[in-house]
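My questions all concern the structure below.
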Amino acid sequence: MNKTIGILLPRSSEYPGMGFDILAGLKAGLLAHPGVDIRFVTENIGFGDNPAHNYACAEKMILQEDASAIICYSQFLNAEPLYALATSSGKPFIFLDAGMQMMTVPQNNACFHISLQGIHACSIAGAKAAEGNRNVLIATSFYDGGYRGPWGCYESIVNAGGKVCGNYVSGYKTAEFTIDKYLDLLQHSGV
């Protein structure tokens, strides 16, 4: 039985070791199953936002490396272009996703999504924040503010009867980081 798994590894400016950690995590998980000999073939897909490149890498793994499955860290919008390859090859594709976007693409029987449920976690945090103090300040990084996490937090605060009194978004560059605006919001926003 073929036990080759193709892995499309991402790059991240916020988390430079992400690809290494994903591969190390898969290998560590397999240690729980002694005697299972899996061969991994990997390709770096950069930030994963080039559908043609992702497709070519996955196709190469299937055709040249005889991969029996493909694992890819990808949000659903970048995963959907690979659905056709999963269907035509008959190989399962497993997509790992931070869960910071809402799934809007149709299901595919050959494709499976494992989500870290980021929006859900932010929603829980928002509801908890509104339990104690009804006036809440949302603080997020420049990067994470572009995803749906802050929206999930906001919706939960409002639904729990709370009020968002201010939003703090940190700068992107480490050298320019300051919490002065955050401290000002804490003192003057009614939190």
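For residues that are small (Gly, Ala, Ser), more than 19 Å from the chain's Cα centre (by Cα) and either crowded, with 18+ Cβ neighbours inside 10 Å or in a strand (DSSP E or B) (or both), tally how many sit in region 128-158.
Kept after step one, since they are small (Gly, Ala, Ser), are these residues of region 128-158: 129-130, 132, 139, 141, 145-146, 149, 152, 156.
Narrowing further to those that are more than 19 Å from the chain's Cα centre (by Cα): 129-130, 132, 139, 156.
Those still in the list that are either crowded, with 18+ Cβ neighbours inside 10 Å or in a strand (DSSP E or B) (or both) too: 129-130, 139, 156.
Qualifying residue count, region 128-158: 4.
Could you say which residue among SER123, SER88 is over 30 Å from HIS53 (Cα atoms), part of a helix (DSSP H, G or I) and among the polar types (S, T, N, Q)?
None of the others qualify; the one that does is SER123.
So that you can scan it fast, the table gives a plain yes or no per residue for (1) in contact with a Phe, Trp or Tyr (Cβ under 7 Å, 6 or more places away or on another chain); (2) touching a residue at least 24 places away in the same chain (Cβ under 8 Å):
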{"residue": "LYS3", "(1), (2)": "no, yes"}
{"residue": "TYR15", "(1), (2)": "no, no"}
{"residue": "ASP21", "(1), (2)": "no, no"}
{"residue": "ILE45", "(1), (2)": "no, yes"}
{"residue": "HIS53", "(1), (2)": "no, no"}
{"residue": "SER68", "(1), (2)": "no, yes"}
{"residue": "SER74", "(1), (2)": "yes, yes"}
{"residue": "ALA84", "(1), (2)": "no, no"}
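So in region 168-191, with the set limited to residues that are surrounded by fewer than 15 Cβ atoms within 10 Å (Cβ to Cβ) and among the polar types (S, T, N, Q), which one is modelled with the lowest pLDDT?
Per the stated criteria, the residue is THR174.
Please tell me if ASN108 is polar (S, T, N, Q), surrounded by 14 or more Cβ atoms within 10 Å (Cβ to Cβ) and assigned to a loop (DSSP other than H, G, I, E, B). So that I can check it myself, show each step before the final result.
Values: polar (S, T, N, Q): yes; surrounded by 14 or more Cβ atoms within 10 Å (Cβ to Cβ): yes; assigned to a loop (DSSP other than H, G, I, E, B): yes.
Yes: the conditions hold for ASN108.
Only one residue in ALA98, ALA86, ALA79 is touching a Cys at 6+ places or on another chain (Cβ under 8 Å) and closer than 21 Å to SER12 by Cβ, so which one is that?
Within the list ALA98, ALA86, ALA79, the selection yields ALA79.
Run down ALA32, ALA84, ALA56, ALA67 and say which single residue is out of contact with any His (no Cβ under 8 Å at 6 or more places or on another chain), farther than 27 Å from TYR143 by Cα and surrounded by 17 or more Cβ atoms within 10 Å (Cβ to Cβ).
Criteria check complete, one pass: ALA67.
The values are calculated or read from the model by the stated rules, or taken from the named source; none is laboratory data. What you see is a predicted model, and the numbers here were worked out from it, not measured in a lab. Because the Cβ atoms are built from the backbone with ideal geometry, glycine has one as well, and the counts that use them run over all protein chains shown.
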